[in-house]
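K.L.:
Below you'll find the structure I mean.
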């Protein structure tokens with residue numbers, strides 16, 4: 001019998017959650033939580049870095065450069081400090 005972890009999905013298929021700062025270059029995922037000060041969140045949200053946003057890491061480090069909100073023909077890249085990247089949790093795509 002397969003353990004579904006109570007969610008109807010086999011445990012091995014659970015998404016892995018890590019901070020943006022921990023993601024490898026080229027990794028993709030979906031932002032699941034942002035624990036920033038209100039002023040920071042109100043600045044980054046309109047740029048596309050908010051809950052449920054699809055992202056791809058372009059560069060690790062300081063600054064961390066992230067591609068957000070890609071649609072056919074358009075992508076935005078933004079840079080965030082390591083401190084900010086540590087407060088953005090992402091569900092990694094596998």
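K.L.:
Applying the selection to the stretch 41-59, what residues are part of a loop (DSSP other than H, G, I, E, B) and out of contact with any helix residue (DSSP H, G or I) (no Cβ under 8 Å at 6 or more places or on another chain)?
P.N.:
Listed by number, the residues that qualify are 48, 49, 51, 52, 53.
K.L.:
From the residues in the stretch 78-94 that are within 13 Å of the chain's Cα centre (by Cα) and modelled with pLDDT under 95, which one is surrounded by the most Cβ atoms within 10 Å (Cβ to Cβ)?
P.N.:
92
K.L.:
Turning to a different aspect of this structure: Just give me the residues in the stretch 40-57 being touching a strand residue (DSSP E or B) at 6+ places or on another chain (Cβ under 8 Å), surrounded by 15 or more Cβ atoms within 10 Å (Cβ to Cβ) and on the phi < 0 side of the Ramachandran plot, in sequence order.
P.N.:
Of everything in the stretch 40-57, those that are touching a strand residue (DSSP E or B) at 6+ places or on another chain (Cβ under 8 Å), surrounded by 15 or more Cβ atoms within 10 Å (Cβ to Cβ) and on the phi < 0 side of the Ramachandran plot turn out to be 41, 44, 47, 49, 50, 53, 54, 55, 56, 57.
K.L.:
Taking residue 60 as meeting all but one of (1) in contact (Cβ under 8 Å) with a residue 24 or more places away in the chain; (2) on the phi > 0 side of the Ramachandran plot, write down the number of the exception.
P.N.:
(2)
K.L.:
Could you tell me which residue of the stretch 63-94 is farthest from residue 19 (Cα to Cα), considering only residues that are without any contact (Cβ under 8 Å) to a residue 40 or more places away in the chain, part of a loop (DSSP other than H, G, I, E, B) and touching a strand residue (DSSP E or B) at 6+ places or on another chain (Cβ under 9 Å)?
P.N.:
Checking each candidate, the answer is 63.
K.L.:
Go through the stretch 60-76 residue by residue and tally those that are surrounded by 14 or more Cβ atoms within 10 Å (Cβ to Cβ) and within 15 Å of residue 49 (Cβ to Cβ).
P.N.:
Total meeting the criteria: 8.
K.L.:
Another question about this same structure. Taking the stated definitions as given, is residue 29 at pLDDT 90 or above, under 13 Å from the mean Cα position of the chain (by Cα), surrounded by 12 or more Cβ atoms within 10 Å (Cβ to Cβ) and assigned to a helix (DSSP H, G or I)?
P.N.:
It is false that residue 29 is at pLDDT 90 or above, under 13 Å from the mean Cα position of the chain (by Cα), surrounded by 12 or more Cβ atoms within 10 Å (Cβ to Cβ) and assigned to a helix (DSSP H, G or I).
K.L.:
Could you tell me whether the stretch 2-16 includes any residue that is in a strand (DSSP E or B) and at pLDDT below 95?
P.N.:
There is at least one residue in the stretch 2-16 that is in a strand (DSSP E or B) and at pLDDT below 95.
The values are calculated or read from the model by the stated rules, or taken from the named source; none is laboratory data. Because the structure is predicted, anything quoted here is derived from the model rather than measured. So basically every Cβ, Gly included, is an ideal-geometry build from the backbone, and we count neighbours across all protein chains shown.
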